[in-house]
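The values are calculated or read from the model by the stated rules, or taken from the named source; none is laboratory data. Everything quoted here is computed from the prediction, not taken from an experiment. Cβ atoms come from the backbone with ideal geometry, glycine included; neighbour counts cover every protein chain shown.
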């Protein structure tokens, strides 16, 4: 990042690894540890990443509230890193940042977590790199490298839900269930068992309710019907569901279950991607090297 007449660049490199990020990013914003760049007048910075409306993930660079100047010009580069350390989806920019100011960038969620997951996710780790530059024409180049790690927690809830008097269960009736999270600040999952009629045929269905606030859940799960011996009779897996809207999941014809004389239990496995930082580490790897 030099102009025609500039020959020297101070470089600060910040590598942020987000572990346990195998399927998707939690809908709550994930914040990196704050880092300080000495040659940019000791200004402080932070990266963040957030799942936005299911289709996109957004990532940001933000200047923190520090004792530096009201505004500072910065040359910077943001990119994701592959297993071999190559830059993926690299963006370069030159911008003025006021205290608290930020810039936002976006990527398609499916592109990162599905189509190109082998490149972006190494051992279930998503890695974002930020490089910041200062160009000048005198002195020796200063290069600093800093590494940070954030480890996400995954909450798994399993429960047995018994539906009584199933044979007399009529369309229009809901049996509701609310699954509370053990993680403080995480929204509960609200769902209902019901029977719906489609083209004259009754189906067993589950409804996942929209979260009442602007926040939402993303989760994977498994719904199984068990016979009296505890063996799975029918199973349906849910992948990458959200509570941004009400979702009705039509499963099996009611007659299929009625023709079997076993006693049925309903067991739902719900897996939450929760913004729980089990461990966060920030350390300086090297400084002032060529």
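Specify which of the listed residues (89, 134, 178) is free of Cβ contacts under 8 Å to residues at least 60 places away in the same chain, surrounded by 13 or more Cβ atoms within 10 Å (Cβ to Cβ) and either part of a helix (DSSP H, G or I) or in contact with a strand residue (DSSP E or B) (Cβ under 9 Å, 6 or more places away or on another chain) (or both). Talk me through it step by step, then tell me what you get.
Details: 134 fails: free of Cβ contacts under 8 Å to residues at least 60 places away in the same chain; 178 fails: surrounded by 13 or more Cβ atoms within 10 Å (Cβ to Cβ).
Exactly one of 89, 134, 178 is free of Cβ contacts under 8 Å to residues at least 60 places away in the same chain, surrounded by 13 or more Cβ atoms within 10 Å (Cβ to Cβ) and either part of a helix (DSSP H, G or I) or in contact with a strand residue (DSSP E or B) (Cβ under 9 Å, 6 or more places away or on another chain) (or both), namely 89.
Looking at 243, 255, just one residue is in contact (Cβ under 8 Å) with a residue 24 or more places away in the chain, in contact with a strand residue (DSSP E or B) (Cβ under 9 Å, 6 or more places away or on another chain) and surrounded by 14 or more Cβ atoms within 10 Å (Cβ to Cβ), and that residue is 243.
Taking the criterion of being at pLDDT 90 or above and surrounded by 20 or more Cβ atoms within 10 Å (Cβ to Cβ), would at least one residue in the range 106-123 satisfy it? No, the range 106-123 has no match at all.
Quick check on residue 67: is it modelled with pLDDT under 90 and not in a strand (DSSP E or B)? If you could, list the steps in order and put the result at the bottom.
Numbers: modelled with pLDDT under 90: yes; not in a strand (DSSP E or B): yes.
Answer is yes for this residue.
In a strand (DSSP E or B) and modelled with pLDDT of 85 or more: does that describe residue 149? Spelling it out, residue 149 is indeed in a strand (DSSP E or B) and modelled with pLDDT of 85 or more. Only one entry of 222, 273 meets the criterion of being in a strand (DSSP E or B), modelled with pLDDT under 55 and out of contact with any helix residue (DSSP H, G or I) (no Cβ under 8 Å at 6 or more places or on another chain), and that entry is 273.
Here is a list: 67, 101. Which entry is under 26 Å from the mean Cα position of the chain (by Cα) and more than 22 Å from residue 127 (Cβ to Cβ)?
Numbers: 67 fails: under 26 Å from the mean Cα position of the chain (by Cα).
Testing whether each residue is under 26 Å from the mean Cα position of the chain (by Cα) and more than 22 Å from residue 127 (Cβ to Cβ) leaves just 101.
Report yes if residue 183 is in a loop (DSSP other than H, G, I, E, B), touching a residue at least 40 places away in the same chain (Cβ under 8 Å), in contact with a strand residue (DSSP E or B) (Cβ under 8 Å, 6 or more places away or on another chain) and within 30 Å of residue 47 (Cα to Cα), otherwise no. Judged against the criteria, residue 183 is a match.
To keep it simple, each residue is scored yes or no on (1) modelled with pLDDT of 90 or more; (2) under 11 Å from the mean Cα position of the chain (by Cα); (3) more than 15 Å from residue 75 (Cα to Cα).
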residue: 4; (1), (2), (3): no, no, yes
residue: 10; (1), (2), (3): no, no, no
residue: 24; (1), (2), (3): no, yes, yes
residue: 28; (1), (2), (3): no, yes, yes
residue: 34; (1), (2), (3): yes, no, yes
residue: 37; (1), (2), (3): yes, no, no
residue: 47; (1), (2), (3): yes, no, yes
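Whenever a residue of the range 59-86 is at negative phi and in contact (Cβ under 8 Å) with a residue 40 or more places away in the chain, its partners that are in a loop (DSSP other than H, G, I, E, B) and surrounded by 13 or more Cβ atoms within 10 Å (Cβ to Cβ), lying with C-beta atoms within less than 6 angstrom and at least six residues away or across chains, give the pairs 75/1. So is residue 97 surrounded by 14 or more Cβ atoms within 10 Å (Cβ to Cβ) and not in a strand (DSSP E or B) or not? Judged against the criteria, residue 97 is not a match. Taken together, 234, 248 contain a single residue that is modelled with pLDDT of 75 or more, in a strand (DSSP E or B), in contact with a helix residue (DSSP H, G or I) (Cβ under 9 Å, 6 or more places away or on another chain) and surrounded by fewer than 17 Cβ atoms within 10 Å (Cβ to Cβ), which is 234. Yes or no: the range 214-226 includes at least one residue that is closer than 30 Å to residue 47 by Cα and either out of contact with any strand residue (DSSP E or B) (no Cβ under 8 Å at 6 or more places or on another chain) or surrounded by fewer than 17 Cβ atoms within 10 Å (Cβ to Cβ) (or both). Taking every residue of the range 214-226 in turn, at least one turns out to be closer than 30 Å to residue 47 by Cα and either out of contact with any strand residue (DSSP E or B) (no Cβ under 8 Å at 6 or more places or on another chain) or surrounded by fewer than 17 Cβ atoms within 10 Å (Cβ to Cβ) (or both).
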